[in-house]
Amino acid sequence: MGQIVEELGLKKLLAVAAVLGTALMVFLIREHAIRVDTSFASRVYLRYHYLDKAIDVKITDASDVAVLKAIINGRSYRDNPACGFTSDVSITFSDGRKSLVFCPACDGCPVLQIGGTDRYISISKSNRNRLHAIVRKYGMTFPCV
C-alpha cells in the first residue's frame with residue numbers, strides 16, 4: 001500500500017512539473033517573440049538623413065505601402081546584434097495617433113530594429129531586396145555605411 005501511495009505522489013509531482021514547465025515555456029516564447037502589426041497604419045514615412053542626403057518623404061504609392069506592411073508584419077525578438085542602426089534611417093508606420101518606427105540595418109544585415117528598443121525583426125533575402133527596391137525609389141540606398 002505504501003508503494004502505491006509513493007507512486008501516486010511521484011506521478012502527481014511529475015504532472016505538476018510538466019504543467020509548470022509548459023507554462024514557463026509558453027511565457028518565455030511569448031516574451032521572446034512578440035507579433036508586430038502594422039495594419040493600423042494609414043501612412044508610411046521614410047527618413048534618410050545620412051551622409052549627403054536629407055530625405056523625409058511620405059510614401060504615396062498604395063502598392064509600396066502594402067508591400068512594406070507585409071514585409072514588416074511578423075514576429076519580433078529580443079537581441080543585441082552587431083548591425084548598425086540609426087533613427088536617421090527609418091520607416092515609420094502611423095495612423096496619426098499611433099506610430100511604429102523601424103530602423104533597417106545600415107550595413108546590409110537582414111534585420112530591422114523596432115525604434116530604439118532591443119527588439120528586432122529578421123527579414124528574408126527576397127524581402128530585403130523588395131524593401132531596398134521600394135526605398136530606392138525615394139532616394140535611400142543600402143548598405144549605407
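What follows is calculated from the coordinates using simple rules that are stated; it is not laboratory data. The shown structure was predicted, so the numbers you read here are calculated from the model rather than taken from an experiment. All Cβ positions, even for glycine, are placed from backbone atoms using ideal geometry, and neighbour counts span all protein chains on display.
The value given for segment 35-136 is a Kirkwood hydrodynamic radius of 13.6 Å, derived from the mean inverse Cα-Cα separation. Counting beta carbons within 10 Å around each of LEU100, LEU131 and listing the fewest first gives the order LEU100, LEU131. Legend: ranking of residues PHE142, PHE93 from fewest to most surrounding C-beta atoms inside 10 Å; resulting order PHE142, PHE93.
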